Every structure is written in C-alpha cells, then in structure tokens.
Amino acid sequence: EAGVVQSPRYKIIEKKQPVAFWCNPISGHNTLYWYLQNLGQGPELLIRYENEEAVDDSQLPKDRFSAERLKGVDSTLKIQPAELGDSAVYLCASSPPGVAPFFGPGTRLTVL
Amino acid sequence: AQSVTQPDIHITVSEGASLELRCNYSYGATPYLFWYVQSPGQGLQLLLKYFSGDTLVQGIKGFEAEFKRSQSSFNLRKPSVHWSDAAEYFCAVAPSGSARQLTFGSGTQLTVLP
C-alpha cells in the first residue's frame with residue numbers, strides 16, 4: 001500500500017514569493033492533516049480536513065496561508081507571500097476514522 | 001489545554017544498551033498517548049499507542065511504553081538499542097476518543113554509539 005505522497009520534497013524560494021505544496025493521502029483515508037514542523041520542534045497542526053470540510057483550522061495563519069481539498073482526496077497548501085519565518089518542514093498526514101495519523105515525508109521549505 | 005513535555009532534548013547510548021525516553025503529559029482526564037519516530041528526511045512513523053487497558057504496551061521495532069497515571073507519564077523503553085534506532089522520538093497526546101487531535105512534544109534526539 002502506498003503511503004502519503006508529498007511534493008515537492010524540497011523548495012527554496014525568495015521571501016515575498018508564493019509557494020504551494022501538494023499532498024496525496026493514503027487511499028480511503030477521510031481525514032487529512034497539514035502540520036508545520038520547525039527545526040528542533042514537534043509537529044504543530046495547521047489544518048485538519050474531514051473529507052472536503054476543514055474542521056480545525058484555528059492554527060492556520062489565514063492572512064498568508066490557504067489550503068484546499070477538492071473532491072476530498074488530494075490537498076494543496078499555499079503560502080502567499082512567504083516570509084523568512086516560514087522556513088520549516090510541512091508535513092501532510094492522513095488517517096481513517098478513529099486512527100492516529102500516518103505521515104508523509106514532508107516538504108522542506110527554505111525562504112531566502 | 002493538553003501539553004506534552006519531553007525533558008531530554010538529546011540522549012546518547014551505546015549499541016546494545018537499554019534505553020528509556022521520558023514523556024510527561026498534562027491533561028484533565030486519561031488521554032490517548034502515542035510515540036512516533038522520525039528518521040532524517042522522513043515522516044513520522046507510529047511506534048505504539050495507548051488507549052486503555054493494560055498499561056504496558058508493545059510496539060514495533062522492539063519498543064514498549066508504560067502508562068503511569070499517578071506520574072502522568074508514558075515513557076518509552078527498549079532493552080537493547082540498535083544503531084538503526086538513532087532518530088528523533090516524539091511523544092504525543094490526544095483527547096480520549098479522538099486520536100486525530102494530537103499534540104506533540106518537542107522531541108528527543110537519540111544518538112547510538114558503536
């Protein structure tokens with residue numbers, strides 16, 4: 001069974017540029033998560049989807065971050081414009097109901 | 001609000017030695033508890049979880065953890081560490097009944113000496 005797929009794996013951009021990350025969850029997993037992981041820290045939830053609906057986006061900085069999960073499968077997380085402090089690893093995860101998340105390998109973002 | 005503390009930022013052990021990683025949580029009721037492992041450049045992999053019942057839980061890769069309610073702890077153990085266990089380990093807590101609402105600790109980096 002394929003795991004959570006994320007792309008790109010690495011991204012380097014200059015500040016004020018836009019950037020987008022893509023995630024394909026494990027087949028059949030209704031719940032999709034985006035986490036932010038700063039260096040030396042544990043993951044912090046940005047947004048959680050149940051199918052197409054964002055049910056927990058309280059930690060998503062909505063002035064510059066946006067996310068979508070069309071058709072309840074793939075998801076895209078966007079930052080516009082990026083700031084230096086956005087340099088981090090962005091993790092996507094998915095799970096079936098009542099089960100802890102399965103994580104993808106993450107996208108490492110560097111903002112110069 | 002729930003929180004998790006991993007007091008040890010970095011631990012070094014020799015290959016073959018025993019290992020214990022500490023995790024303390026703060027939560028009003030008995031939560032769900034988890035340990036994940038993250039190897040360099042990889043996502044997090046679930047090692048084990050505690051929902052209820054037997055307080056000693058077995059996981060993958062020879063790891064086990066013990067839930068101690070009186071100490072609000074969920075320490076991870078392994079009797080004999082292998083070089084491939086070198087990684088970062090994260091403890092996480094979630095409200096009972098909702099494994100999807102995880103709060104992670106800041107992690108413990110494990111170095112294994114030959």
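One residue is enough: does region A:44-58 have a residue meeting the conditions within 14 Å of chain B (Cβ to nearest Cβ), more than 25 Å from B:VAL4 (Cβ to Cβ) and hydroxyl-bearing (Ser, Thr, Tyr)? Explain how you work it out, then say what you get.
Narrowing region A:44-58 to residues within 14 Å of chain B (Cβ to nearest Cβ): A:44-51, A:53-58.
Cutting the leftovers down to more than 25 Å from B:VAL4 (Cβ to Cβ) gives us A:51, A:53.
Okay, now just the ones that are also hydroxyl-bearing (Ser, Thr, Tyr), so none.
Looking for residues that are within 14 Å of chain B (Cβ to nearest Cβ), more than 25 Å from B:VAL4 (Cβ to Cβ) and hydroxyl-bearing (Ser, Thr, Tyr), one finds none in region A:44-58, hence no.
Residues that are part of a loop (DSSP other than H, G, I, E, B), within 30 Å of B:THR5 (Cα to Cα), modelled with pLDDT under 95 and not basic (Lys, Arg): does region A:1-19 have at least one?
Within region A:1-19, the first condition is being part of a loop (DSSP other than H, G, I, E, B), and the residues that meet it are A:1-4, A:8-9, A:14-18.
Pick out the ones that are also within 30 Å of B:THR5 (Cα to Cα) and you get A:3-4, A:9.
Now narrow it down to the ones that are modelled with pLDDT under 95: A:3.
If we keep only those that are not basic (Lys, Arg) too, we end up with A:3.
Within region A:1-19 (the criterion being part of a loop (DSSP other than H, G, I, E, B), within 30 Å of B:THR5 (Cα to Cα), modelled with pLDDT under 95 and not basic (Lys, Arg)), the answer is yes, since at least one residue qualifies.
So B:VAL57 passes all but one of these: (1) modelled with pLDDT of 95 or more; (2) within 14 Å of another protein chain (Cβ to nearest Cβ); (3) in contact with a helix residue (DSSP H, G or I) (Cβ under 9 Å, 6 or more places away or on another chain). Which condition number does it fail?
(3)
Might you check whether a residue that is under 30 Å from B:PHE51 (Cα atoms), surrounded by 20 or more Cβ atoms within 10 Å (Cβ to Cβ) and in contact with a strand residue (DSSP E or B) (Cβ under 9 Å, 6 or more places away or on another chain) occurs anywhere in region A:72-85?
As a first pass, look at region A:72-85 and keep what is under 30 Å from B:PHE51 (Cα atoms): A:72-75.
Next, only the ones that are surrounded by 20 or more Cβ atoms within 10 Å (Cβ to Cβ) stay: A:75.
Now drop any that are not in contact with a strand residue (DSSP E or B) (Cβ under 9 Å, 6 or more places away or on another chain), which leaves A:75.
The answer is yes; a qualifying residue exists.
Among the residues of region B:96-114 satisfying the criterion of being more than 10 Å from every other protein chain (Cβ to nearest Cβ) and touching an Asp or Glu at 6+ places or on another chain (Cβ under 8 Å), which is modelled with the lowest pLDDT? Spell out how you get there, then give the answer.
Step one: filter region B:96-114 for residues more than 10 Å from every other protein chain (Cβ to nearest Cβ), giving B:96, B:108, B:110-114.
Checking which are touching an Asp or Glu at 6+ places or on another chain (Cβ under 8 Å) leaves us with B:108, B:110, B:112-114.
Details: B:THR108: 98, B:LEU110: 98, B:VAL112: 97, B:LEU113: 96, B:PRO114: 92.
Among those that are more than 10 Å from every other protein chain (Cβ to nearest Cβ) and touching an Asp or Glu at 6+ places or on another chain (Cβ under 8 Å), it is B:PRO114.
Exactly one condition in (1) touching a residue at least 40 places away in the same chain (Cβ under 8 Å); (2) touching a strand residue (DSSP E or B) at 6+ places or on another chain (Cβ under 6 Å); (3) under 18 Å from A:PHE103 (Cα atoms) is not met by B:LEU48; state its number.
(1)
Here's the yes/no breakdown for (1) surrounded by fewer than 17 Cβ atoms within 10 Å (Cβ to Cβ); (2) touching a strand residue (DSSP E or B) at 6+ places or on another chain (Cβ under 7 Å); (3) closer than 19 Å to A:VAL99 by Cα:
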{"residue": "B:ALA65", "(1), (2), (3)": "no, yes, yes"}
{"residue": "B:GLN71", "(1), (2), (3)": "yes, no, no"}
{"residue": "B:ASN75", "(1), (2), (3)": "no, yes, no"}
{"residue": "B:SER80", "(1), (2), (3)": "yes, no, no"}
{"residue": "B:GLU88", "(1), (2), (3)": "no, yes, no"}
{"residue": "B:VAL93", "(1), (2), (3)": "no, yes, yes"}
{"residue": "B:ARG100", "(1), (2), (3)": "no, yes, yes"}
{"residue": "B:SER106", "(1), (2), (3)": "yes, no, no"}
{"residue": "B:PRO114", "(1), (2), (3)": "yes, no, no"}
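For region A:42-93, which fully contained strands (runs of 3 or more DSSP E) count at least 1 residues that are modelled with pLDDT of 95 or more and closer than 28 Å to B:SER39 by Cα?
A:44-50, A:65-68, A:75-79
Condition (residue is within 14 Å of another protein chain (Cβ to nearest Cβ) and hydroxyl-bearing (Ser, Thr, Tyr)) applied to region A:65-76: is it met by at least one residue?
Within region A:65-76, not a single residue is within 14 Å of another protein chain (Cβ to nearest Cβ) and hydroxyl-bearing (Ser, Thr, Tyr).
The values are calculated or read from the model by the stated rules, or taken from the named source; none is laboratory data. For clarity, every value in this text was computed on a predicted model and none was experimentally measured. Methodologically, a virtual Cβ is constructed for each residue, glycine included, from the backbone with ideal geometry; neighbour enumeration extends over all protein chains shown.
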